[in-house]
């Protein structure tokens, strides 16, 4: 068939018609004219999962869009590259994630011409699968080693249907977002065995489970995620190491939707204040309310041996109102119980509050063991007082008082007084 030369006017009209069809019709088979859809944006961080059988990269996008892909196998001295490109993608900025496993060196996002691309740098020959998970609004890229290609989809296999088993396993990484910090930090999940049941509603990982997010590392022998109820359960050698706190426990349960949870046989250390907490059971209730059963706490850092002091209690309650209470407590000095605290409370807020302060201890060959228990009275914003009960077991018992008041920025006053009974060593009062 011979082609006739088109005039410039007809050529321009044909170009405009094709342009309208291209941008106006986004669903195949529909003939009605539609408005230009908004660009597809990246809705969350890159999620990377490395397992012995494959490597997965997941990106949550604002909506589905057509894309193209091609594989450039690695050659001698050169990395292989898997390119996935779409004109509809508009990623906000260039990003790079180093994978560090045997198959994938890095994952790069960038812009090219009118759209954006995903570049996966390959260290070894590989096959791959690209899938769009409709219910998760997620693009999933799975890279398999070349040597097991007979068991896996062929090079360039693309699925746009329902989530597959591998994609549901990746939800472990998304559930682990509760253990971490910044919004832009990637999550990496590894385990000896990962499987999903109930059509992907329940996901389980067993054996050397490790979840990494930024500087936070979560480990356990077993991890289970229930997607419908947003519940996470971990068992066996559970530990969390973060930049500002650490936790160890036998078991851990958390409901992300209700913001409730439970820790069994747990230990928590918070670097700010050197606060160490331990208990048979930690419970988190809705809001910022906590309860520790058969627990103890101390701010003493001791590398060897028991802490110089600690307070244990049958029940410790921490409320969102900024008050902590102790029921059935005991004060210990080097693990030796000194006195019983049937009930007590301590402030959690930063503003001044009336209450008992931490006691002071000392000893002397002449005056014996010394114990001082101060009580702070917040009278007003500019006035306060401290009353200290003092006992020297071989010398005296008494009370020390101090009254303080600020009159102006440059004027303040202080009054101190004390009373002692020296009868403990036979002296006059």
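The values are calculated or read from the model by the stated rules, or taken from the named source; none is laboratory data. Note that the structure is a prediction, hence the values are computed from the model and not measured. We place every Cβ from the backbone using ideal geometry, glycine too, and count neighbours over all the protein chains shown.
Looking across the range 105-151, just one residue is within 14 Å of residue 71 (Cβ to Cβ), part of a loop (DSSP other than H, G, I, E, B) and modelled with pLDDT under 80, and that is 149.
So is residue 385 surrounded by fewer than 11 Cβ atoms within 10 Å (Cβ to Cβ), in a strand (DSSP E or B), modelled with pLDDT of 90 or more and in contact with a strand residue (DSSP E or B) (Cβ under 8 Å, 6 or more places away or on another chain) or not? In short, no. The lone criterion from (1) surrounded by fewer than 19 Cβ atoms within 10 Å (Cβ to Cβ); (2) modelled with pLDDT under 80 left unmet by residue 45 is number (1).
The condition of being on the phi < 0 side of the Ramachandran plot and in contact (Cβ under 8 Å) with a residue 60 or more places away in the chain holds for only one of 211, 225, 240, that being 240.
Taken over the range 355-381, the criterion of being outside any strand (DSSP E or B), touching a strand residue (DSSP E or B) at 6+ places or on another chain (Cβ under 7 Å) and over 21 Å from residue 298 (Cβ atoms) is satisfied by 367, 379. In the range 341-361, is there at least one residue being in contact (Cβ under 8 Å) with a residue 24 or more places away in the chain, over 27 Å from residue 306 (Cα atoms) and either touching a helix residue (DSSP H, G or I) at 6+ places or on another chain (Cβ under 8 Å) or surrounded by fewer than 11 Cβ atoms within 10 Å (Cβ to Cβ) (or both)? Yes, the range 341-361 contains at least one residue that is in contact (Cβ under 8 Å) with a residue 24 or more places away in the chain, over 27 Å from residue 306 (Cα atoms) and either touching a helix residue (DSSP H, G or I) at 6+ places or on another chain (Cβ under 8 Å) or surrounded by fewer than 11 Cβ atoms within 10 Å (Cβ to Cβ) (or both). Taking the range 281-306 as the range and being exposed (fewer than 13 other Cβ atoms within 10 Å of the Cβ) and modelled with pLDDT of 75 or more as the test, the residues that pass are 300, 305.
Taking the conditions exactly as written (modelled with pLDDT of 85 or more and over 30 Å from residue 212 (Cβ atoms)), does residue 317 satisfy them or not? Yes; evaluated as a whole, the condition is true for this residue.
Conditions (1) touching a helix residue (DSSP H, G or I) at 6+ places or on another chain (Cβ under 9 Å); (2) surrounded by 18 or more Cβ atoms within 10 Å (Cβ to Cβ); (3) closer than 20 Å to residue 48 by Cα, marked per residue:
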position	(1), (2), (3)
208	no, no, yes
212	yes, yes, yes
220	no, yes, yes
236	no, no, no
246	no, no, no
267	no, no, no
275	no, no, no
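Summed over the range 61-98, the residues that are over 19 Å from residue 137 (Cα atoms), under 33 Å from the mean Cα position of the chain (by Cα), surrounded by fewer than 17 Cβ atoms within 10 Å (Cβ to Cβ) and modelled with pLDDT under 85 give a count of 5.
Restricting attention to the range 330-354, the residues that are in a strand (DSSP E or B) and either at pLDDT below 80 or over 22 Å from residue 390 (Cβ atoms) (or both) add up to 5.
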